[in-house]
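Working notes, structure below.
The values are calculated or read from the model by the stated rules, or taken from the named source; none is laboratory data. All values derive from a computational prediction rather than experimental measurement. Cβ placement follows ideal geometry from the backbone for every residue including glycine, while neighbour counts extend to all protein chains displayed. Heads up: the accessible areas ignore ligands, DNA and RNA and are worked out on the full protein's heavy atoms, side chains in. Shrake-Rupley method; radii C 1.70, N 1.55, O 1.52, S 1.80 Å.
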Amino acid sequence: MATRSPTRPARTARHPLATWTGPERRYDLIAEGTIAVIIVAVLCIVAAILWGSPNGGLTRPKGPASPAGQAFSAKYWDTNDPSDLAQTAVQELLGATTTAGYGPPFNTTTGASQGIIGIQPAEIAKSIFGLTLPINTANGFVLAPVSQFVAPYNPVVAAAIRVYKAAGGDLAPGAPADKVASAQQATWLNNYAKALAQPSATFTPTSVTVSPGNYGPLPVIIRAELLIAHNGSLDGYFQGSDQQLSTNTTNGTMFFSDGSLWESIATAQGVAGDQWGVMNELWNFPGQVWLWLYAGMYQIPALNPSNNSNLDLDVGLLMILFGFLLPMFAPWIPGINRIPRWIPLYKIIYRKYYQGTAGGQPPVKKPNEPAEPPAPQ
């Protein structure tokens, strides 16, 4: 026969104010909040004075004054340093820039993917998803925009484009760097690159003058590239999209970053990679301070930031370790979980409480404090 369980007594409701036996003190929330805001404001002002970036737009040493908020563009590049633009365009045609040899997700350059213990995550992603952002620097940055904006209206430029393409070279999106230019094209490009670097070479925003040589159709193509950069067409090409509105500036950014003017301006503005760039403010916009851990990884000397082909992968793995796994499992990691006891900041925060305790024990109940209700049987 089934037996009935004994009836449990009803639980007594406990009111926190009636059962608290610890000390009490007044707390002014408005005053505390005001003090916190003032302290943070003072710290921000001091930090901005000591480490803030200049607000001079694109101002750089020996460069023209630039208003705050001025954006870098192909037109600005051509106006202020046509030599750098012309030489960068030649290197893009040759497949010798950082973008051309980056590897996935931009191209299939052999040996470019970063790896650790023989594992290359970019190659694994490419085998699954393919090239997600295929770029051919010769076609995407030089030949295609010149063909679109100049060749239809200039027979000389159109003929130069045909001659250059007939010499070979792989213009397919994502082509490896060593296939972008054929042997004949490489000869023209190397000869022209040497001529552009000579002190006798002269540049204007719309022209280049070098000593005679075996350059093939390159002088005509590079002059056309400078022309569309100067009139703003190249910027429009990079910003173009099949969508009505587009904020994708990948192609333009990659082209600009292959030149030297882009980096010199970034360094002058304090936003280069070795200057904790992503955290610094730009003009009137605040920096991305929440990226302090990510930016800090690039400053670790042990990672050899200036000459580490796997730097981005190393930083990514460290971010997973210190930004995700460590905070998640810290309470269970021996030693890490003892840090709060070794650095007792909580005793400073709750100093009023610990001043009224003996050996860390709760204070004795005062006579006028309400008695604790009896515990249920």
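Quick check on the range 45-64. Is at least one of its residues modelled with pLDDT under 85, of a type in the set (Lys, Arg) and under 20 Å from PRO205 (Cα atoms)? Yes, the range 45-64 has at least one match.
Scanning the range 67-111 for residues that are open to solvent by 20 Å² or more (accessible area, probe 1.4 Å), more than 18 Å from ILE265 (Cα to Cα), in contact (Cβ under 8 Å) with a residue 12 or more places away in the chain and of a type in the set (Gly, Ala, Ser) yields a count of 2. Here LEU325, LEU345 are screened, and the one residue that is of a type in the set (A, V, I, L, M), over 20 Å from the mean Cα position of the chain (by Cα) and open to solvent by 90 Å² or more (accessible area, probe 1.4 Å) is LEU345. Within the range 288-344, being within 30 Å of ALA68 (Cβ to Cβ), of a type outside the set (A, V, I, L, M) and either touching a residue at least 24 places away in the same chain (Cβ under 8 Å) or in a helix (DSSP H, G or I) (or both) holds for TRP290, TRP292, TYR294, GLY296, TYR298, GLN299, PRO305.
Residues in the range 256-282 that are within 16 Å of the chain's Cα centre (by Cα) and either part of a loop (DSSP other than H, G, I, E, B) or of a type in the set (Phe, Trp, Tyr) (or both): PHE256, ASP258, TRP262, GLN269, GLY270, VAL271, ALA272, TRP276, ASN280, GLU281. Residues of the range 169-193 that are over 33 Å from the mean Cα position of the chain (by Cα) and not aliphatic (A, V, I, L, M): SER182, GLN184, GLN185, THR187, TRP188, ASN191, TYR192.
Mind checking which residues of the range 129-168 are of a type in the set (A, V, I, L, M) and within 31 Å of the chain's Cα centre (by Cα)?
Of the residues in the range 129-168, the ones of a type in the set (A, V, I, L, M) are 131, 133, 135, 138, 142-144, 146, 150-151, 156-161, 163, 166-167.
Selection gives LEU131, LEU133, ILE135, ALA138, VAL142, LEU143, ALA144, VAL146.
Residues in the range 56-66 that are open to solvent by less than 40 Å² (accessible area, probe 1.4 Å) and of a type in the set (Lys, Arg): ARG60 only.
Per the listing SER147, SER127, the residue uniquely open to solvent by 60 Å² or more (accessible area, probe 1.4 Å), among the small types (Gly, Ala, Ser) and assigned to a helix (DSSP H, G or I) is SER127.
Is it fair to say VAL278 is over 23 Å from PRO105 (Cα atoms) and either open to solvent by 40 Å² or more (accessible area, probe 1.4 Å) or in contact (Cβ under 8 Å) with a residue 60 or more places away in the chain (or both)? First the steps, then the outcome.
Values: over 23 Å from PRO105 (Cα atoms): no; either open to solvent by 40 Å² or more (accessible area, probe 1.4 Å) or in contact (Cβ under 8 Å) with a residue 60 or more places away in the chain (or both): yes.
Answer is no for this residue.
In this entry, ASN251 is excluded by the filter for residues that are of a type outside the set (Lys, Arg), over 18 Å from TRP77 (Cα atoms) and either within 18 Å of the chain's Cα centre (by Cα) or open to solvent by 40 Å² or more (accessible area, probe 1.4 Å) (or both).
Among the residues of the range 331-342, write down those that are exposed (fewer than 10 other Cβ atoms within 10 Å of the Cβ) and either in contact with an Asp or Glu (Cβ under 7 Å, 6 or more places away or on another chain) or among the charged types (D, E, K, R) (or both). Passing the criteria: only ARG341. Taken over the range 271-306, the criterion of being in contact with a Gly (Cβ under 9 Å, 6 or more places away or on another chain), modelled with pLDDT of 80 or more and under 16 Å from LEU58 (Cβ atoms) is satisfied by VAL271 alone.
From the list ALA181, ALA175, ALA193, exactly one residue is outside any loop (DSSP other than H, G, I, E, B) and either in contact (Cβ under 8 Å) with a residue 40 or more places away in the chain or surrounded by fewer than 19 Cβ atoms within 10 Å (Cβ to Cβ) (or both). Which is it?
Working: ALA181 fails: outside any loop (DSSP other than H, G, I, E, B); ALA175 fails: outside any loop (DSSP other than H, G, I, E, B).
Criteria check complete, one pass: ALA193.
Count of the range 85-114 residues, restricted to those that are within 19 Å of the chain's Cα centre (by Cα) and on the phi > 0 side of the Ramachandran plot, is 1.
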